[in-house]
1. For the structure I just gave you, tell me whether VAL490 is more than 27 Å from VAL388 (Cβ to Cβ), β-branched (Val, Ile, Thr) and crowded, with 18+ Cβ neighbours inside 10 Å.
2. What is the one condition in (1) within 25 Å of the chain's Cα centre (by Cα); (2) surrounded by fewer than 18 Cβ atoms within 10 Å (Cβ to Cβ); (3) polar (S, T, N, Q) that THR472 does not satisfy?
3. May I ask you to list the residues in the stretch 493-517 that are under 22 Å from ASP350 (Cβ atoms) and touching a Gly at 6+ places or on another chain (Cβ under 8 Å)?
4. Taking PRO425 as meeting all but one of (1) touching a residue at least 12 places away in the same chain (Cβ under 8 Å); (2) closer than 30 Å to VAL315 by Cα; (3) under 20 Å from the mean Cα position of the chain (by Cα), write down the number of the exception.
5. May I ask you to say which residue of ASP346, ASP387 is assigned by TED's automatic domain parsing to the domain that holds GLN479 and part of a helix (DSSP H, G or I)?
6. Kindly indicate whether TYR122 is in contact with a Ser or Thr (Cβ under 6 Å, 6 or more places away or on another chain), of a type in the set (Phe, Trp, Tyr) and within 28 Å of PHE399 (Cβ to Cβ).
7. Tell me which of these ALA324 doesn't satisfy, since it passes every other one: (1) modelled with pLDDT of 95 or more; (2) surrounded by fewer than 23 Cβ atoms within 10 Å (Cβ to Cβ); (3) not in a strand (DSSP E or B); (4) not hydroxyl-bearing (Ser, Thr, Tyr).
Amino acid sequence: MTKKLLSLILVLAMVLAMGSAALADYYSNLLPVVTTYAPEFKDKTVILHSNDVHGAIDGYAYMPALREKLLSQGATDVLVVDAGDFSQGGIYVSVNKGKAAIDMMNAAGYDVVTLGNHEFDYGFDKLMENLKDAKFQAICCNVYNDATGETILPPSTIIETKSGMKIGFVGVETPETASKVNPGLITEIGFSHFSKLYDAVQAAVDAIRGECDLVIGLTHLGVGVESASNGYRSVDLLNTVDGIDFAIDAHSHTVMSSAKYDLPIQSTGTKFAYVGVVVIDNATRMIQSNFLLSTASLEKDEEVAAAAQEIIDAVDEQYGTPFATSEVRLEGERIPSRTSETNMGDLITDALVWKMLKEGGIENAEPNQVVSILNGGSIRATIEAGDVSMKSINAVQPFGNTVAVIYVTGEELLQALEASTFSTPEQIGAFPQTSGIEWTLDCTKPYAKGDVYMLNGKETTYFAPDSIQRVTITAINGQPFDPTATYAVVTSNFIAEGGDTYNVFNRAYVAGTGFDTGVSLDQTVMQYVTEALDGKITAEQYGQPRGSLTMILPEVTEEEEAVEPAA
């Protein structure tokens, strides 16, 4: 049997073990490589990439193991990069405010990363403190210090490989970070947005293009519908900015290869479901292939896996003891949390109302005028039926947000609901999970986009409704809704500060009509389950969403049903 045939058989066997989701991309892209003489990666430079890891720290062990395997197969260099959102999303990184992610990426041998919006969840100062310990280069071209006008990190970096090839990387952060992070934690920085985003990226590319053989964009932009309205998707960037040879994308958790958009782009989804691979030929200094590898087929580096397990075991010991049980599965996935009412949303918002009515402190509204709103994007995990632990609740609410109260008029409440559903039925992180509000959302009507929202004197990426035409409120706690009445909204400090699309709440909060209790959301939910529910989440109370929201959806034609929805 020839080396060439043996190589082909071995690689095809690996492909068949991968699973159907990555099979087509892997086979079609790797086959031209394996038909050359073995070893199939001889005289190649390989980039391995991850994105949106969100606390899945055990997955970092895949990277050094795969790097060593590729080097043994002839690769001259293997670079490891990440496109952001490594600091937040799971308890193993949230309890230490992102420090564990830095430690694990150091252990795995990362070379370059860019920032995701969740890198700022603990505040700008904490991010910069964490990055001081990084053994890799962090880059970002479109986040700047207000006082100096300089970018908070180098816009780009150039790595010279052993073959003498120079590969440039440009980091790009989603401008949505300005309102997807608690605005009170990032007051000293700004984000290049709208057309300025393209200007910042083009300038960063132009600055290194002449020095590099290839320019790779690490783009934390995604391809979500919410981002499309402002042109903030990675595909929009590639169609506007010149000089990027390939984009490694993140943010929308999309499993994506070049074939999907007919553009040089790739993204691995989230939490190490896949590892992305980009193969560069040293002789031509051109990208030869790119594909996704299912981690189900990959080995782990034992030393890095042990380091991750040490962190996991310590957190599990401290937070893993059950304190309650649930008869039902509490839904925490992005869809439906960002598209419709869920039983998890009902549970959390009920807990917020219960906490404030129990503890007191609401003086400007009657008990039947107290409601709760929480953005669906803040719900980060599902709780399966069975035991419920502090770890379970913290995984759902890992941000350290606190319970806040704001007083708004009925008209302001309408505006908040209208703005936070502007892209519904497509998913949106601002989607309101509610308690005490009976309302209707008519998705057959367009969103009337008005002026851009402002926070801390800066433009956000969201627009106020010019008129209320999609949302109606039918009742508040069973009583008729009054647009002129004052209502107390129990929410998170993130929402009270104007996070996501809730700018109207921030205006009320800044005006002094509200307060922050300082009590964490996760502790509030645990207290509610323990005291109000006697430690048992029942099917009778939370088996299904309560039905506070009525949605009117557009009719779907047979042609539309036949079209695969966008990822």
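1. On the way: more than 27 Å from VAL388 (Cβ to Cβ): no; β-branched (Val, Ile, Thr): yes; crowded, with 18+ Cβ neighbours inside 10 Å: yes.
When the stated conditions are applied, VAL490 does not pass them.
2. Against the list (1) within 25 Å of the chain's Cα centre (by Cα); (2) surrounded by fewer than 18 Cβ atoms within 10 Å (Cβ to Cβ); (3) polar (S, T, N, Q), THR472 comes up short only on (1).
3. Scanning the stretch 493-517 gives ASN493, ALA496, ASP500, PHE505, PHE515, THR517.
4. (2)
5. ASP346
6. So TYR122 does not fit the description; no.
7. With (1) modelled with pLDDT of 95 or more; (2) surrounded by fewer than 23 Cβ atoms within 10 Å (Cβ to Cβ); (3) not in a strand (DSSP E or B); (4) not hydroxyl-bearing (Ser, Thr, Tyr) applied to ALA324, the lone miss is (3).
So that you can scan it fast, the table gives a plain yes or no per residue for (1) without any contact (Cβ under 8 Å) to a residue 12 or more places away in the chain; (2) assigned by TED's automatic domain parsing to the domain that holds ALA247; (3) in contact with a Lys or Arg (Cβ under 9 Å, 6 or more places away or on another chain):
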position: PHE291; (1), (2), (3): no, yes, no
position: ALA296; (1), (2), (3): no, yes, no
position: LYS300; (1), (2), (3): no, yes, no
position: VAL304; (1), (2), (3): no, yes, no
position: ALA307; (1), (2), (3): no, yes, no
position: THR325; (1), (2), (3): no, no, yes
position: VAL328; (1), (2), (3): no, no, no
position: GLU331; (1), (2), (3): no, no, no
position: THR339; (1), (2), (3): no, no, no
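The values are calculated or read from the model by the stated rules, or taken from the named source; none is laboratory data. It should be emphasised that the depicted structure is a prediction, and the values quoted were computed from it without experimental measurement. Methodologically, a virtual Cβ is constructed for each residue, glycine included, from the backbone with ideal geometry; neighbour enumeration extends over all protein chains shown.
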